[in-house]
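Accompanying notes for the structure given below.
What follows is calculated from the coordinates using simple rules that are stated; it is not laboratory data. Since we're looking at a predicted model, the values are computed, not measured. Every residue, glycine as well, gets a Cβ built from its backbone with ideal geometry; the counts of neighbours run over all protein chains shown.
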Amino acid sequence: DTGVSQNPRHKITKRGQNVTFRCDPISEHNRLYWYRQTLGQGPEFLTYFQNEAQLEKSRLLSDRFSAERPKGSFSTLEIQRTEQGDSAMYLCASSLVVSTDTQYFGPGTRLTVL
Amino acid sequence: AQSVAQPEDQVNVAEGNPLTVKCTYSVSGNPYLFWYVQYPNRGLQFLLKYITGDNLVKGSYGFEAEFNKSQTSFHLKKPSALVSDSALYFCAVIISYNTDKLIFGTGTRLQVFP
C-alpha cells in the first residue's frame, strides 16, 4: 500500500509531557498538510509544507506546536507541554503541488492527554 | 469569512432509496469543492471534487455531486443507498486565489437502514 501513513496510531500521555507524531506522505507528493479534528467537528488546518519549506501556519498552532519536514519527505509534529485541550485526532495529508490536486489523508494519530 | 455549511447533522435513508447530503459554501472567488467520507476511527477518504467545467461531478462508489453557483451549493447524491454507505461525510472547499488549505464543514452522519 502506498498511501499516507502515520505513527503512532494512538498516543496516551500525561499533561505536561511532550509528544511527537510522524507522517509519511505518498512518495511523489511535494505537499504535506497537518490537520486536527476534535469530536463532532470537521478537521481544522494546522500547517503545510511544500518540500521542506513550511508555507503556512494556522493561528491555531500555538508556540507549543512545531512541525518539520527536514528532507522534504516525512514530517513530524511535536507538541510540547501537552494540555488536555490538545486531545484530538491529528491528521496528515499529502498532494501534488497544484491547489486543485486532491489531498489524500492518512489514518490519523489519536492523542489523549490525561 | 470563508466557510462551508452542512445544515444536517444526520441524514437517515432506507437502503435502495436515493440519498442527498447537503453542502453550501460562502467564499469570495472561485471555490474548489471536495467531498470526503470518514469511517469510524479512520482518516478521510476522498470521494470527488469540482474544479471547473461540467457542474455534475461523478466520483467513487457511485456518488455524484452537482455544483450550483447561483445557490452556492455542492450537494452529494447517490441514486441507490447501501447500508455500507453509512459513515460521516465532510464537504470542504479550497479558495483558489488564497491558500491551499481545505476548509471543512462540520460533517453529516449518514445512516442507511436495511
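Structural remarks
- Placing unit charges on the Cβ atoms of the charged side chains and taking the dipole of the range B:9-96 about its Cα centre, the candidate lying farthest along the positive direction among B:GLN10, B:ASN41, B:PHE67 is B:PHE67.
- Lys, Arg +1 and Asp, Glu -1 on Cβ, resulting dipole of the protein assembly as shown about Cα centre, debye, nearest 20: 500
- About the centre of its Cα atoms, the range B:25-106 shows a dipole size close to 80 debye [charges on the beta carbon of Lys, Arg (+1) and Asp, Glu (-1) only; nearest 20 debye].
- Two-decimal ratio, the protein assembly as shown, of alpha-carbon radius of gyration to 2.2 N^0.38 Å: 1.02
- Alpha carbon centroid spacing (whole Å) that separates the range A:61-114 from the range B:17-61: 23
- Per-residue 3J(HN,Hα) values for the range A:71-86, derived from phi via the Karplus relation 6.51 cos²θ - 1.76 cosθ + 1.60 with θ = phi - 60°, read 10, x, 10, 6, 10, 10, 10, 10, 10, 9, 6, 4, 10, 4, x, 7 Hz in sequence order (x marks Gly and Pro).
- Farthest towards the positive end of the charge dipole of chain A, among the residues A:GLN54, A:THR112, A:GLY72, is the Cα of A:THR112, using unit charges on the Cβ of Lys, Arg, Asp and Glu.
- The charge dipole of chain A, taken about the Cα centre with unit charges on the Cβ atoms of Lys, Arg (+1) and Asp, Glu (-1), comes to about 440 debye, rounded to the nearest 20.
- For A:SER5, the amide hydrogen comes within under 5 Å of the amide hydrogens of A:ASP24, counting only partners 5 or more places away or on other chains and with H modelled in the peptide plane.
- Distance between the modelled labels on A:SER73 and B:SER28, one decimal in nanometres: 4.3 nm (7 Å Cα→Cβ projection).
- The Cβ shell under 10 Å around A:GLN54 holds other residues with a net charge of -1, Lys and Arg each +1, Asp and Glu each -1.
- Alpha carbon Rg of chain A, scaled by the compact-globule rule 2.2 N^0.38 Å: 1.00
- Shielding value for A:55-62 is 1, the average number of Cβ atoms from other chains within 10 Å of each residue's Cβ.
- Charge sum, other residues only, whose C-beta stays under 14 Å from A:THR112's C-beta, Lys/Arg counted +1 and Asp/Glu -1: +4
- If R0 equals 30 Å, the separation of the Cβ atoms of A:GLN80 and A:ILE12 corresponds to a calculated FRET efficiency of about 0.95.
- Taking only the alpha carbons of chain B, we obtain Rg and Dmax values of 13.5, 44 Å in that order.
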